[in-house]
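Sharing a structure below in structure tokens format, with a few things to ask.
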Amino acid sequence: MPPQLQNGLNLSAKVVQGSLDSLPQAVREFLENNAELCQPDHIHICDGSEEENGRLLGQMEEEGILRRLKKYDNCWLALTDPRDVARIESKTVIVTQEQRDTVPIPKTGLSQLGRWMSEEDFEKAFNARFPGCMKGHLRAINPENGFFGVAPGTSVKTNPNAIKTIQKNTIFTNVAETSDGGVYWEGIDEPLASGVTITSWKNKEWSSEDGEPCAHPNSRFCTPASQCPIIDAAWESPEGVPIEGIIFGGRRPAGVPLVYEALSWQHGVFVGAAMRSEATAAAEHKGKIIMHDPFAMRPFFGYNFGKYLAHWLSMAQHPAAKLPKIFHVNWFRKDKEGKFLWPGFGENSRVLEWMFNRIDGKASTKLTPIGYIPKEDALNLKGLGHINMMELFSISKEFWEKEVEDIEKYLEDQVNADLPCEIEREILALKQRISQM
């Protein structure tokens, strides 16, 4: 007899692919216990095989959800209105091969489990999936299978390895399409062949004179990480890889230097919690406002923010823990004319070189109220021409007084009584250091 939930939902009738009987008992019970909350229209039980993937792609092509791009190898353009995609995803449960054999955690995002599990169980699942200590070293595994990158601005010049990665087995969303079966977006920096025309993401003929972009500012490509030509050989190692440095970064047009290093692990966790960034096309805000974006993942916190901070801080309590250095970068600082002070893109490797040297105990630093910054000669600037290092690394007392005030108010509003005492101490310490400037 098919499983019947309290509200009368016939679970077996919702399965459009696979069989409930193929699931381990624990996974099946999880699905049955939580389907009432999700109220899915369809349930797909997937085995992850190439045959199955091909069948699903064909089905979506028949239904007008995807169209094959003839210029590339097994690449597809998503045709469904983004609002319909969101609606479809919210009403569909997909159980993957990984979930059939383990704890059922969706590959698409742990944050979704917040409404399916108790806070305590979700916190355990989240922390088990992300960085932890092993023999005193912080290690991490990669929980993702691919890259979900922003298309506009991606070109051979700005990100050649991304261009190489997306030449096959890739799905593009909300980009423009060329008449010869290719894709197009602002900043792709590829000349069109004679006679080739462009259809915008709105499914209209497009030209550069239209006064609007051909691709949505947040258009994306979804591509397998395994296709990246420079991916590390150990990227899927079950033992994880040791972490020697953690980099946080935000888009700050003013006030925040190119790079600085946290004074301690506790200060580094505070730096992550205090992150702010100019809103991008991926954010819900419109306009160039500065939004709080702790750990660069504000929309994806799956459990209590205060407990999340406590989890990070707890790493320092591990016996003989060798904790990584924490850095903050800002590639987007501008001068008074609104021009970027740093060239960015591949030149960012110069900043990474300084970080590597810091980890090895070599690079020289200068102590500031917000952290360690490179000394005047510590960054390799050979071949860059004139870089206004003074402006790039300037730290304004007035700016940082307002910054710490905004950060303190945000953490009081969002975390309140759950804010760890270590973070409270870091706020007070930063205030004191700024006051002495």
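Quick one: residue 203 ticks every box in (1) farther than 30 Å from residue 239 by Cα; (2) open to solvent by 70 Å² or more (accessible area, probe 1.4 Å); (3) touching a helix residue (DSSP H, G or I) at 6+ places or on another chain (Cβ under 7 Å) except a single one, so which number is it?
(3)
Of (1) open to solvent by 30 Å² or more (accessible area, probe 1.4 Å); (2) closer than 26 Å to residue 376 by Cβ; (3) within 27 Å of the chain's Cα centre (by Cα), residue 406 satisfies all except one. Which?
Every listed condition holds for residue 406 apart from (2).
How about the stretch 1-40: which of its residues are of a type outside the set (Val, Ile, Thr), modelled with pLDDT of 75 or more and farther than 20 Å from residue 56 by Cβ?
21, 24, 25, 26, 28, 29, 30, 32, 33 - these are the residues of the stretch 1-40 that are of a type outside the set (Val, Ile, Thr), modelled with pLDDT of 75 or more and farther than 20 Å from residue 56 by Cβ.
Next question, about the same structure. So which residues in the stretch 338-391 are of a type outside the set (A, V, I, L, M, F, W, C) and at positive phi?
338, 344, 361, 371, 383, 385 - these are the residues of the stretch 338-391 that are of a type outside the set (A, V, I, L, M, F, W, C) and at positive phi.
Turning to a different aspect of this structure: Which of (1) part of a loop (DSSP other than H, G, I, E, B); (2) among the aromatic types (Phe, Trp, Tyr); (3) surrounded by fewer than 20 Cβ atoms within 10 Å (Cβ to Cβ) does residue 147 not meet, given it meets every other one?
Going through (1) part of a loop (DSSP other than H, G, I, E, B); (2) among the aromatic types (Phe, Trp, Tyr); (3) surrounded by fewer than 20 Cβ atoms within 10 Å (Cβ to Cβ) one by one, residue 147 breaks only (1).
On to the next question. Kindly indicate whether residue 410 is within 21 Å of residue 268 (Cβ to Cβ) and either of a type in the set (A, V, I, L, M, F, W, C) or outside any helix (DSSP H, G or I) (or both).
no
Which of the residues spanning the stretch 12-52 are closer than 24 Å to residue 145 by Cα, without any contact (Cβ under 8 Å) to a residue 40 or more places away in the chain and outside any helix (DSSP H, G or I)?
17, 49
List the pairs whose first member sits in the stretch 170-194 and is over 28 Å from residue 145 (Cα atoms), whose second member is of a type in the set (Asp, Glu), and whose Cβ atoms are under 9 Å apart, counting only residues at least 6 apart or on separate chains?
The qualifying pairs are 192/180; 193/180.
Can you tell me which of (1) β-branched (Val, Ile, Thr); (2) in a helix (DSSP H, G or I); (3) within 30 Å of the chain's Cα centre (by Cα) is the one residue 434 doesn't meet?
Residue 434 satisfies all of (1) β-branched (Val, Ile, Thr); (2) in a helix (DSSP H, G or I); (3) within 30 Å of the chain's Cα centre (by Cα) except (3).
If the requirement is being among the hydrophobic types (A, V, I, L, M, F, W, C), surrounded by 14 or more Cβ atoms within 10 Å (Cβ to Cβ) and touching a Phe, Trp or Tyr at 6+ places or on another chain (Cβ under 8 Å), which of these qualifies: 411, 379?
379
Any residue at all in the stretch 221-230 that's open to solvent by 30 Å² or more (accessible area, probe 1.4 Å), over 22 Å from residue 279 (Cα atoms) and assigned to a helix (DSSP H, G or I)?
Within the stretch 221-230, one or more residues are open to solvent by 30 Å² or more (accessible area, probe 1.4 Å), over 22 Å from residue 279 (Cα atoms) and assigned to a helix (DSSP H, G or I).
The values are calculated or read from the model by the stated rules, or taken from the named source; none is laboratory data. Since the model is a prediction, treat every value here as computed from it, not as a measurement. In this analysis, Cβ positions are derived from the backbone assuming ideal geometry, glycine residues included, and neighbour counts consider all displayed protein chains. Accessible surface is based on the protein model in full, side chains and every heavy atom, while ligands, DNA and RNA are left aside. Shrake-Rupley method; radii C 1.70, N 1.55, O 1.52, S 1.80 Å.
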